[in-house]
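Q: Below: one structure in structure tokens.
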Amino acid sequence: MESKSEVSQVLESSENTQDVFDAVIIGAGAAGIGAGIALAHSGVGNFVIIDRGVVGSSFASWPDETRFITPSFPSNSIGMLDLNSIAVGVSPAYNMRIEHPNGSEYAKHLQDLAEFFELPVRENAEVVQITNEEGVFRVETNDWTIYSKNVIWAAGEFLYPRLGGFTGSELCRHTATLANYADLDGDDFLVIGGYESGTDAAYHLSKRGKKVIMFDKDDPWGLDASDPSASLSTFTYERMREARFEEKVTLFPENAVTSVELLDGEYELKSEDGQVFRSKTQPLLAGGFDGSHALVSHLFEKREDGFPLLNERDESTKVPGIYLCGPSVRHDNHDFCFIFKFRQRFAVVAQSIASSMGIQTDDFVQAYRDWGMYLDDLSCCGQECVSC
Ligand SMILES: Cc1cc2nc3c(=O)[nH]c(=O)nc-3n(C[C@H](O)[C@H](O)[C@H](O)COP(=O)(O)OP(=O)(O)OC[C@H]3O[C@@H](n4cnc5c(N)ncnc54)[C@H](O)[C@@H]3O)c2cc1C
């Protein structure tokens, strides 16, 4: 940590230069690029987006066969923003002519947006530490240290998979680390976790004639809820009704896996109800993501569920000036895990930063509100709510 005078020196020598940014966005995924566009629209110009890979690299690392569950449709002409859009007036459906893009296609869409909006992106720079002193953030990457008055943490979840949870979980392979399902050897698969990723794995494997046994501690396949953050998507229910899925996939709801062992070249899985399953194929783990927010946990208070505690502007309640954007945003029981949900908070964050700099934001807020991209009243949100 630098001494007080060193930080002050940087600030003084950097006045009116680009050395001290008004905002730094960590992560150039859907949240980082979307927040960057909103920031630019709000009138904040002195910012940079940093990514440890390239723009959209997290989407590009999805298994090849995995597609968006939320459909894209060119509905913008009547003011209803395409569900997978992260920018006002933009429609991935119109740009790509694809309803359910795969990860690489969406990564390309994000790259096109970064280019079109001329966003200041610095790629291949991994943020390893953020500290705050005298109200200024020091952001260290592997080869660059910068200072900023505000930080937007948008480093996502996908690159931080949850690997624990039961004895022997390290013997399993997380679905987030798979390049594709086509190249997986084996005929019998054990899949642990049955929400979107697990059911997606089971679908692609069953399509290739593989037998799948899938476990979940809850019953994601039988849940009756209208919010896709709680239940499976329509896209997934449709795929589960395909003959191959019904024939090849056996579901074990409300049956948590308690252990996995490797015995004489075979994986032995035990479940809560006392049953034992064996397979020669490495079990697949689809138990979700720890998320990147653990990297900045020292800058946020924690909610009871472990997610960062945020004020009404998605800013840390502990260290003013650091904001969270993306699927880890939580308010009360509202979960912003999908793009069409968390995109509605980009402008809330941008407005907060812009107005702290004395920028007039009324027109910006109204324009975003008109596109359903400025959600500041969460009282409407809930299971049966159609707007979030
Ligand atoms: C299989 C799967 C299917 C999904 N399908 C849908 C869907 O159909 N519809 C939908 O709305 N959502 C879907 N989601 C959720 C959606 O993908 C995520 O919510 C979205 O990727 C989150 O965007 P993000 O920008 O927060 O994170 P990411 O897209 O993961 O981007 C984070 C970026 O941060 C960078 N980064 C991470 N750590 C650092 C660091 N220390 N320093 C610098 N850079 C860093 C990464 O390289 C990455 O580019 C799906 C998720 C998965 C896993």
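The values are calculated or read from the model by the stated rules, or taken from the named source; none is laboratory data. Being a predicted model, the structure only gives us computed values, none of them experimental. All Cβ positions, glycine included, derive from the backbone under ideal geometry; neighbour counts span all protein chains shown. The area values use the complete protein model at the heavy-atom level, side chains included, leaving out ligands, DNA and RNA. Shrake-Rupley method; radii C 1.70, N 1.55, O 1.52, S 1.80 Å.
Q: Can you tell me how much longer the chain between Thr167 and Ser259 gets when fully stretched, taken as 0.36 nm per residue apart minus their C-alpha distance, in nm with one decimal? Provide the component values of the computation, followed by the final result.
A: Values: separation 92, 0.36 × 92 = 33.12 nm, distance 0.46 nm.
Answer, rounded to one decimal: 32.7 nm.
Q: Between the alpha-carbon centers of segment 140-208 and segment 280-298, tell me the distance in whole angstrom.
A: 6 Å
Q: Restricting to Cα pairs below 8 Å that are 6+ residues apart, what does the relative contact order work out to for the chain? Please round to a whole percent.
A: 19 percent
Q: Separate question: For segment 61-98 and segment 240-254, write down the distance between their C-alpha centroids in whole Å.
A: When both Cα centres are located, 28 Å separates them.
Q: If the limit is 24 Å between Cα atoms, which of Lys149/Lys302; Lys211/Lys341; Lys217/Lys341 go over it?
A: Lys211/Lys341; Lys217/Lys341
Q: Only loop residues by DSSP count here, and only those with at most 16 other Cβ atoms within 10 Å; note down the GluC sites (Glu not before Pro) in segment 47-117 that meet that.
A: Glu99
Q: Could you check how much of the accessible area of the chain is carbon and sulfur, as a whole percent, using a 1.4 Å probe? Could the numbers behind the result be given before it?
A: Details: 8530 of 17660 Å².
Ligands and nucleic acids excluded, carbon and sulfur reach 48 percent.
Q: List the GluC sites (Glu not before Pro) within segment 255-341 that fall in a DSSP loop (any state other than H, G, I, E or B) and whose Cβ has at most 11 other Cβ atoms within 10 Å.
A: In loop regions of segment 255-341 (DSSP not H, G, I, E or B), the sparsely surrounded GluC sites (Glu not before Pro) are Glu304, Glu312.
Q: Among DSSP beta bridges whose residues both lie in the chain, state the antiparallel percentage, nearest 5. Spell out each step's value before the answer.
A: Values: 27 of 55 bridges.
So the antiparallel bridges in the chain amount to around 50 percent.
Q: Okay, next question. Give a residue-ordered list of calculated ³J(HN,Hα) values for segment 123-129 (Karplus: 6.51 cos²θ - 1.76 cosθ + 1.60, θ = phi - 60°; whole Hz; x for Gly, Pro).
A: 9, 6, 10, 8, 6, 10, 7
Q: Mind computing the radius of gyration and Dmax over the alpha-carbon atoms of segment 287-388? Å is fine for both.
A: Computed over the Cα atoms of segment 287-388, radius of gyration and Dmax are 13.9, 44 Å.
Q: How about segment 39-102: which trypsin sites (Lys or Arg not before Pro) there lie in a loop by DSSP and see at most 11 other Cβ atoms within 10 Å?
A: For trypsin sites (Lys or Arg not before Pro) across segment 39-102 that sit outside H, G, I, E and B with at most 11 neighbouring Cβ atoms in 10 Å, the list reads Arg97.
Q: Next question. Can you work out the accessible area per residue across the chain, with the rest of the protein chains kept in place, probe 1.4 Å, in square angstrom?
A: Roughly 46 Å² per residue, with all protein chains present.
Q: Ratio to report: Rg/Rh of the chain, with Cα atoms as the point set and Rh obtained by the Kirkwood method; give two decimals.
A: Ratio of gyration radius to Kirkwood radius for the chain: 0.99.
Q: Tell me the label-point distance for the pair Asp218, Glu133, using the 7 Å Cα-to-Cβ offset, in nm and rounded to one decimal.
A: With each label placed 7 Å out from Cα toward Cβ, I get 4.4 nm.
Q: Long-range amide H contacts for Arg67: which residues qualify at under 5 Å (H placed 1.01 Å from N, peptide plane, sequence gap of 5 or more or a different chain)?
A: Placed amide hydrogens put nothing under 5 Å from Arg67.
Q: Once fully extended, how much extra length lies between Ser77 and Thr317, figured as 0.36 nm per residue of separation less the alpha-carbon to alpha-carbon distance?
A: Full extension from Ser77 to Thr317 adds 82.5 nm.
Q: Between Asp363 and Ala225, how many nm apart are label points set 7 Å from Cα along the C-beta direction?
A: Spacing of the two 7 Å Cα→Cβ label points: 4.2 nm.
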